[in-house]
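Here is the structure we will look at, set down as C-alpha cells.
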Amino acid sequence: MNYLFSPDNWEWLWTGNNFRFILEGFLINLEIAFVSIIFALIVGLGLALLRLSTIKPVSWVAGAWVDIFRNLPLIFLILYFALGLPSSWKKAWEDAVPTWAPEAFQSGLVLGAFLGLILYNSAVLAEIMRAGILSLPKGQGEAASALGMTRVQALRYVILPQGLRRMVPATVSQLITLNKDTTLVSIIAITEVMRRGRIVTSSGFFQEVTAPILQVFIFIGLLFVIVNYSLSRLSRRLEIRERKITGTKLKRVGGLEDQVAIDPT
Amino acid sequence: MIDVLTEYWPEFRSGFWVTCRLVAFSFVVAIAVGTLVAAFRIAPNKWLQRLGGLYVEVFRNIPLLVLLFISFAGLRRAGVDIGPWTAGIASLGLYTAAYVAEALRSGVFSVGKGQIEASLSLGFGYPETLRRIVLPQAFRTVIPPLASLTIAMIKNSAIIGVSLLALPDILKQARVVSARTFETDASFFWAAVGYLILTGAATVIFKILEKRFAIVR
C-alpha cells in the first residue's frame, strides 16, 4: 500500500511530458476504435442482411462466416493478419493512407489491426442487428408487403429503422468492448497507449525520475475506466429510453462478453 | 496443410491443454469471486453495495491486457513474487468475475421480491435465504449469460499467450510453429480449429445444461 501511494512513485506523471505522451497514446486508441466501429457497422449491416436473405445458400454462407469470426479470439485475427498479409498489401496501405491521418496509421501494420478489428466486430454486430430485426413482430413485414412495398422497400422504410433502433444500446456496449480491445494492437508494434506506457517505464526516457510499471498501468487503466464508464452510462440510458418507447425486451445475443449492458433487469 | 499438424502435433496438443487449464481455473475464480461480488451488490448494507458496484465498474471497463501488465510486470517490479500462471488466471478470473457478478445480480432480481419476503417471514436469515431460495433459482436463469461469458473467456485467454506472460497456449504455439516452418497460414488455421473446438464445445455443453435445468412452466 505504501509503495502504491507513495508520492515518489507518482512523480513520473508530472515530470517532463509523460502525462501528455500517454494521453496522446490513448487518443490513438480512441481513433482506432472510432474508425473500426464505423466500418464494422457498415460491414455488419451487410452481413446481417445477407444472413436474413431468402436465398438459402447466401444466408447459409453468411451465417457460417459470422459464426466463425465471432468465435475466434480477436487477438488471433489481429496477429494472423499482421503476420500473414502479403507485404504488397501493407505497401499499398502505406501509399493509400492520406497524409492528414494520425501518425500511427501510417505504418502498414495498422492494416492488419484494422482488418482483424473490423472482421471480428462486424461479425458480432451482424449478430446484434439480426437479433434486432428478428425481434420485430412478423406483422410488420407482412403489413409492409400488404401495402404493396417490395422487399427492399419494406426493409428500407419499415424493418431496418425499427430493428436497428432497438439495437443501439447493444451496439454501444460492443463499442466499449472494442475500445478495450484496441489495446491488443500494441502486440503488433503500433505505438498506442500500451506501447507508450512501456516506453515511459523503460529506463533512459527520463533518467532522473523512474516510472514504476504498476503505477503507469494503473493510470492507463483509469483512463479506460473513465471513458468506458461514461459509455456504459450512455448505453444504459438509451436502453431505458428504448424500453419506454417500444415496451419490448431485447433479444439476447449469444457469445457476447458484455451481456449485462444488453440485458439488465 | 495436414503435415504441419502431424509434424507439430505435440506443440498443438500441449497448447490446447494449456488453454483448457487456463480457462478452467479462471472459470472457478470467476464464479467464486463473481458470486461474492454479486452477494455484496444485493446485500442490505449500502457500503457493501457500493464496494461491489465499484468492483464491477472497474474490472468491467479496464482492458484485460492492462490487468495482465499490472498483475505481472507491475507487481513483480513492486517486489511481489507472482508467477505467470497465477497472474494470468487471476487477471482473467477477476476480469470475468465482474461480468459474472452482473449476470448473477440480474438473475437474483428475476427471482422476485415476494419469494425473498416469504422466506424472511418464515424465519430464514438473510444468508440462508440467499443460499436456499434465491441462488438455486438465480443460477438457472444465468446459464445463458454464463455460456456467453465462458465463450468470451476462451477467446480472452488467447491474450495471455501473446502478452508478456507468454504462457504456451494455442496461439503462442501457433506462433512458434509458424516461426519454425514459415507456414503462417497452416499453423494459424490449426490454431483456429483448436479455438473453434473449444468455443463449440462450450456452446453445446451450456445448451445441454440449459435444457436440463429449464423451468417447466
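Computed quantities for the displayed model
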quantity: For the stretch B:69-140 versus the stretch B:1-34, the gap between their alpha-carbon centres in whole angstrom; calculated: 25 Å
quantity: Acute angle (nearest 10 degrees) that the helix A:18-51 long axis makes with the longest principal axis of chain A, alpha-carbon atoms; calculated: 20 degrees
quantity: Computed label-point distance, nm, for sites B:GLN49 and A:TYR3 using a 7 Å Cα→Cβ extension; calculated: 3.7 nm
quantity: Neighbour net charge for B:THR181 - beta-carbon separation under 12 angstrom, K R +1, D E -1; calculated: -3
quantity: Shielding by partners - mean other protein chain Cβ count within 10 Å, residues of B:68-76; calculated: 5
quantity: Given charges at Cβ of Lys, Arg, Asp, Glu: chain B dipole, positive-most of B:ALA103, B:TYR126, B:ALA147; calculated: B:TYR126
quantity: Cβ neighbours within 10 Å from other chains - mean over A:218-228; calculated: 4
quantity: Angle in degrees between helix B:170-181 and the longest Cα principal axis of chain B, rounded to the nearest 10; calculated: 10 degrees
quantity: Sites A:ALA101 and A:TYR157 - FRET efficiency at Förster radius 30 Å, r taken between beta-carbons, to 0.05; calculated: 0.25
quantity: Dipole magnitude (debye, nearest 20) for the stretch B:21-168, charges at Cβ of Lys, Arg, Asp, Glu; calculated: 60 debye
quantity: Debye equation applied to the C-alpha atoms of the protein assembly as shown, log10 I(q)/I(0) at 0.09, 0.13 Å⁻¹; calculated: -0.66, -1.35
quantity: Net charge of Cβ neighbours under 14 Å - reference A:VAL225; Lys, Arg +1; Asp, Glu -1; calculated: +2
quantity: Computed over the stretch B:99-217, the ratio Rg/Rh where both radii use C-alpha atoms and Rh is Kirkwood; calculated: 1.21
quantity: Chain A: radius of gyration over Cα atoms, expressed as a fraction of 2.2 N^0.38 Å; calculated: 1.19
quantity: For the stretch A:70-170, with +1 on Lys and Arg beta carbons and -1 on Asp and Glu, the positive-most of A:ALA131, A:ALA113, A:PHE76 along the dipole; calculated: A:ALA131
quantity: Counted charge near B:GLY125, where neighbours are those whose Cβ lies closer than 15 Å (Asp, Glu -1; Lys, Arg +1); calculated: 0
quantity: Inter-label distance for A:SER135 and A:ARG20, nm, one decimal - labels placed 7 Å from Cα along Cα-to-Cβ; calculated: 4.5 nm
quantity: Selected from B:ILE159, A:PRO212, B:ALA32, residue furthest toward positive end of dipole (the protein assembly as shown; charges at beta carbon); calculated: B:ALA32
quantity: Over the stretch B:21-168: Rg over Rh, Cα atoms, Kirkwood Rh; calculated: 1.05
quantity: Label-to-label distance, nm, for residues given as B:ALA214 and B:PHE182 (7 Å Cα→Cβ offset); calculated: 5.5 nm
quantity: Computed over chain A: relative contact order in percent, which uses C-alpha pairs under 8 Å that are six or more apart; calculated: 27 percent
quantity: Of the GluC sites (Glu not before Pro) in the stretch A:141-219, those whose Cβ has at most 12 other Cβ within 10 Å and which sit in DSSP loop; calculated: A:GLU208
quantity: Convex hull projection area averaged over all views, the stretch B:15-101, Cα basis, nm²; calculated: 6.0 nm²
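FYI, it's all coordinate maths here, none of it is from the lab. In this text, all values refer to a predicted model and were calculated from it rather than measured experimentally. Cβ sites come from the backbone with ideal geometry, for glycine too, and all protein chains shown count toward neighbours.
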